[in-house]
């Protein structure tokens, strides 16, 4: 079963293809993407890699976390589902989840 990893600390020049190539030294990569800022088009300094097997994912965490890649130290850990907090799954910042209240005040 494939497992998605969060990769932080990426150099701004890192491409999705470069990230894929780096993780392929560990095992089969099913997808790799560097997250880009939608306004500037510049890398946001993190991305996600999906490894084909749980064993390869764990090996990537063990072997690549805190290792230097393109001049920066990486943070590699299991990605969390959105809304669970922490890296790769930060909670919403828009205050979502309320009852919608916000009626007019006279």
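Table for the structure above
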read-out	value
Hey, residue 6 free of Cβ contacts under 8 Å to residues at least 60 places away in the same chain and closer than 16 Å to residue 73 by Cα or not	no
Residues being surrounded by 14 or more Cβ atoms within 10 Å (Cβ to Cβ) and not in a strand (DSSP E or B) - total across region 25-41	2
Residue in region 42-62 that is exposed (fewer than 12 other Cβ atoms within 10 Å of the Cβ) and at pLDDT below 95 present	yes
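The values are calculated or read from the model by the stated rules, or taken from the named source; none is laboratory data. These numbers were taken from a predicted model, which means no experiment stands behind them. Backbone-built Cβ (ideal geometry, glycine too); neighbour counts: all protein chains shown.
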